[in-house]
Structure formats: C-alpha cells, structure tokens
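Student: One structure follows; several queries about it will come next.
Derivation of every value follows stated rules applied to the coordinates shown; laboratory data play no part. Note that the coordinates shown come from a computational prediction; the quantities given were computed from them, not determined experimentally. Cβ: placed from backbone, ideal geometry, glycine included. Neighbour counts: every protein chain shown.
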Amino acid sequence: MRFEDNWSTATLVSTRDLAPGIREFVLRPDGYVCVPYPVGSHIKLSVHIAGQPDVRSYSLVGEADPRGYRIAVRHAEDSRGGSRYLWSLQPGARIDVTSPTSLLQVGWQYQHYCLVAGGIGITPLVGAAQALLRRTPNVSLHYAVRSIGDAAYADELATLLGDRFSVYAADQAQRLDLAGLFAELPAGTAVLFCGPMRMLDAARSAWAACGRAPADLSYETFGSSGRLSTEPFKVRLRGSGEEIVVPRDRSMLDVLNAAGHEVMADCRRGECGVCAIDVVEVEGEIDHRDVFFSEEQKHESRKLCACVSRAHGVVTIDTLERADAL
C-alpha cells in the first residue's frame with residue numbers, strides 16, 4: 001500500500017445546501033489540529049449502506065479550515081448509497097474519518113495553470129486555485145455544469161479569480177469547448193482536471209490533438225461516473241465457475257471480498273491500480289471507470305479495476321486463487 005489510513009472519530013459540525021442536490025458537510029475529528037494538507041486531498045468516511053459498514057472517499061474543499069474537514073456531496077440516486085447516508089445525518093452525528101491523503105500530482109514549476117471542472121468535480125479544485133494563486137497570478141478556472149443553479153462555490157471562486165473564472169451552464173446553451181480552450185493556452189501551461197469520465201475522455205483527446213505534453217495534464221475523476229448506466233451484473237470465477245451478482249449499489253471489490261475472495265485495494269477511487277483483476281471473458285460490455293489504465297488497455301479489457309469499474313452482462317475473471325494452493 002502507498003499509504004496507511006489513519007482513522008479517527010469526527011463530529012458533523014454543520015451542513016449547508018450549496019445547490020439543489022449538493023450539500024456541504026463540515027467534519028471535525030476529535031483532537032483536530034488545523035494543519036495544511038496537499039492539493040487535491042481527500043478523506044475516507046465510514047458509512048452504512050443497507051445496514052452494512054462501507055467506506056467512501058470525498059475530496060476536501062478548499063485549504064485547511066479551522067472548523068474541520070469540508071466536503072461537498074451530490075445526492076445521487078444512481079450512486080452506491082454513500083450520498084444517501086450522508087444526507088441522512090444531522091449536525092452532532094458521529095462518523096469515522098481518515099486523515100487527508102492526495103493522489104493528484106501537481107507540478108509547481110509552471111508559470112500558467114488552467115483548472116477544468118465538471119459538476120461536483122469542482123470540489124478539489126477550490127483548494128488548488130487557492131494554493132496556486134499564492135505562486136502565480138496566471139490561474140484560470142473553467143467550470144461546466146448542467147444548470148447555473150448547480151454551480152457550487154461559484155460566488156467564492158468569482159471573488160477569488162475575478163474574470164479568470166468562467167462558468168458554462170448547459171441550460172443556458174453554454175458549452176465548454178475543450179479543444180478551443182487548450183489550443184489558446186500559452187505554451188507550457190499545466191492543466192488540472194476533475195470531472196465525470198466522459199468529460200475526462202474528451203479532455204484527454206483534445207489535449208493530445210493539440211500536441212500538448214501528456215505530463216502537463218493532471219486529472220482525477222469520481223468512481224460513480226461511467227459510460228454505461230449503473231445496473232447489476234454477474235462476475236464468474238475462472239476455474240470454479242462460481243457466479244456472483246454485483247448489485248447496483250455495491251462495487252465488485254466489496255462483493256468479491258464479502259464472498260471470501262480477497263482482493264487487495266488501496267485508493268478505492270480507480271487511480272492506483274492495486275485492485276486490478278485479470279479479465280478472462282466478457283459476455284456483454286465492461287464499463288471502465290478508472291483513470292489508471294490507458295485507453296488502449298481499456299479497449300483490450302484484459303484487466304479492470306474492481307473498486308470502481310462495472311459491466312453490463314457477465315464478466316469472467318481470474319482472481320489467481322488455486323484450489324491446490326490452499
């Protein structure tokens with residue numbers, strides 16, 4: 001593992017609704033000390049889904065806050081239940097959380113930075129904008145949302161960035177032209193992206209088409225986003241032929257581990273690849289929701305990240321378990 005989770009119990013200090021379906025939560029761990037954390041940091045929360053304990057990850061909003069850890073959660077009906085659980089909590093509730101960790105690689109040597117967010121992907125970029133502005137004034141943020149009312153933290157970011165902050169609302173016929181945006185950036189600009197998978201695919205394609213260096217584009221996504229709708233699917237184990245159903249509100253990783261097939265994991269966000277599993281056969285289609293594998297590897301579908309990726313149909317996998325090794 002690249003890092004070991006450090007858990008503590010926190011109190012939900014306050015909540016506030018930022019937009020329809022988006023709520024901010026401030027969590028203060030016992031013995032909390034306000035210290036800086038890396039750009040793009042997230043925390044894990046212990047949640048309960050259908051009466052069973054589970055873990056979810058949420059990006060921290062802004063830089064270190066004296067009140068505690070600040071997160072924003074979109075209430076998603078098509079999610080695995082973490083948002084529904086958090087939205088059921090009232091101030092004063094107690095919940096276990098980890099200390100912050102970051103998987104987002106930010107290079108501090110650039111003179112220009114362009115931040116791109118889609119929907120709730122704005123959360124890690126608030127703190128990124130704050131940190132980068134202390135190093136250079138050449139920071140812009142482009143924020144794509146379904147409707148202008150969905151633009152969480154828009155007022156805060158407009159105050160911070162002025163005319164370097166732009167919102168593109170689909171309900172007002174505004175579209176973020178990634179190819180045009182990237183083509184106009186000064187040479188050597190670094191882009192930080194966070195948004196749904198389809199938008200990330202478009203960003204990576206536009207970035208490559210502009211001839212930009214791959215290392216100048218850093219990104220993260222959220223595991224609930226995919227190309228296909230979220231629905232139950234079957235996992236068949238090579239050798240034994242055992243079939244396990246993965247319901248729409250649980251991950252393949254959790255279901256396999258609950259069934260006694262131990263699969264290692266680390267980030268649980270589709271970023272590190274620790275939980276990658278060999279794919280033997282696909283009867284249907286895999287929905288790769290990770291940012292670990294390349295587009296070519298996803299097309300080949302020889303492996304998948306069990307923590308976030310899903311499927312339509314049946315996926316036969318090899319967990320490398322062997323009866324003669326037991």
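Student: For the chain, what is the charge dipole size about the Cα centre, in debye to the nearest 20, if Lys and Arg each add +1 at the Cβ and Asp and Glu each add -1 at the Cβ?
Tutor: Here the size comes out at about 600 debye.
Student: Sticking with this structure for a sec: Among 162, 288, 112, whose Cα lies farthest out toward the positive end of the dipole of the chain, if unit charges sit on the beta carbon of Lys, Arg (+1) and Asp, Glu (-1)?
Tutor: Farthest along the dipole direction, towards plus: 162.
Student: Counting only C-alpha contacts under 8 Å and six or more residues apart, can you give the relative contact order of the chain as a whole percent?
Tutor: 14 percent
Student: In square nanometres, what is one fourth of the surface area of the convex hull spanned by the alpha carbons of the range 144-281?
Tutor: 11.6 nm²
Student: Compare the Cα positions of 92, 273, 305 along the charge dipole of the chain (+1 at Cβ of Lys, Arg; -1 at Cβ of Asp, Glu; about the Cα centre) and return the one farthest towards the positive end.
Tutor: 92
Student: Ignoring the sites themselves, what is the longest stretch of the chain with no GluC sites (Glu not before Pro) in a DSSP loop and at most 16 other beta-carbon atoms within 10 Å?
Tutor: Of all site-free stretches, the longest is 78-241.
Student: In the range 228-315, what trypsin sites (Lys or Arg not before Pro) fall in a loop by DSSP, with at most 14 other Cβ atoms inside 10 Å?
Tutor: For trypsin sites (Lys or Arg not before Pro) across the range 228-315 that sit outside H, G, I, E and B with at most 14 neighbouring Cβ atoms in 10 Å, the list reads 248, 302.
Student: Among the trypsin sites (Lys or Arg not before Pro) in the range 1-110, which ones are in a DSSP loop with at most 16 other Cβ atoms within 10 Å of the Cβ? Mind listing them?
Tutor: In loop regions of the range 1-110 (DSSP not H, G, I, E or B), the sparsely surrounded trypsin sites (Lys or Arg not before Pro) are 2, 67.
Student: Continuing with this model, one more query. Given charges of +1 on the Cβ of Lys and Arg and -1 on the Cβ of Asp and Glu, with all other atoms neutral, how large is the dipole of the range 132-221 about its Cα centre, in debye to the nearest 20?
Tutor: Value, rounded to 20: 240 debye.
Student: Quick query: amide H of residue 101 versus all other amide H atoms, modeled in the peptide plane; which residues come in under 5 Å with a sequence gap of 5 or more or a different chain?
Tutor: 42
Student: Once the Cα gyration tensor of the chain is diagonalised, what are the square roots of 5 times its eigenvalues, in whole Å and ordered largest first, as equivalent ellipsoid semi-axes?
Tutor: Each semi-axis is the square root of five times an eigenvalue, giving 33, 25, 18 Å.
Student: Determine the calculated [θ] at 222 nm for the chain from helices alone, applying -39500 (n - 2.57) to every DSSP H run no shorter than 4 residues and normalising by the residue count; nearest 500 deg cm²/dmol.
Tutor: For the chain, the value works out to -5000 deg cm²/dmol.
Student: Let me ask something else about it. Can you give the percent of C-alpha pairs in the range 7-101 whose distance is more than 15 Å?
Tutor: 58 percent
Student: With springs connecting C-alpha atoms under 10 Å apart, model the chain as a Gaussian network and identify which of 246, 35, 116 has the largest mean-square fluctuation.
Tutor: 35
Student: Give me 278, 266 ranked fewest to most by other Cβ atoms within 10 Å of their Cβ, as a rough exposure proxy.
Tutor: Fewest to most other Cβ atoms nearby, the residues stand as 278, 266.
Student: Once both axes come from the Cα atoms, what is the angle between helix 197-209 and the longest principal axis of the chain, in degrees from 0 to 90, rounded to 10?
Tutor: 70 degrees
Student: Taking neighbour Cβ counts within 10 Å as the exposure measure, how do 305, 114, 210, 272 sort from fewest upward?
Tutor: So the ranking, lowest neighbour count to highest, is 210, 272, 114, 305.
Student: Which number comes out as Rg/Rh for the range 113-220 once both Rg and the Kirkwood Rh are worked out on C-alpha atoms?
Tutor: Across the range 113-220, the Cα-based Rg/Rh ratio is 0.93.
Student: Give me the base-10 log of I(q)/I(0) for the range 73-121 at each q in 0.16, 0.26 Å⁻¹, Debye formula, one uniform scatterer per Cα, rounded to two decimals.
Tutor: Result of the Debye calculation: -0.78, -1.13.
Student: Calculate log10 I(q)/I(0) of the range 233-325 for q = 0.12, 0.15, 0.18 Å⁻¹, where I(q) comes from the Debye formula with a single equal point scatterer on each Cα and nothing for solvent.
Tutor: Here log10 of I(q) over I(0) equals -0.32, -0.50, -0.74.
Student: Another question, if that's okay. Let me have the relative contact order for the range 7-101, percent, based on Cα pairs under 8 Å that are six or more residues apart.
Tutor: Reported as a whole number, the value is 40 percent.
Student: Please work out the Cα center distance from the range 225-287 to the range 85-150, rounded to the nearest Å.
Tutor: Comparing the Cα centres of the range 225-287 and the range 85-150, I get a distance of 29 Å.
Student: Taking the alpha-carbon distance from residue 234 and a cut-off under 20 Å, which lysines remain once sequence neighbours fewer than 8 residues away in the same chain are dropped?
Tutor: Residue 234 reaches 298, 303.
Student: Just rank 112, 42, 299, fewest to most, by other beta-carbon atoms within 10 angstrom.
Tutor: Exposure proxy ranking, most exposed first: 299, 112, 42.
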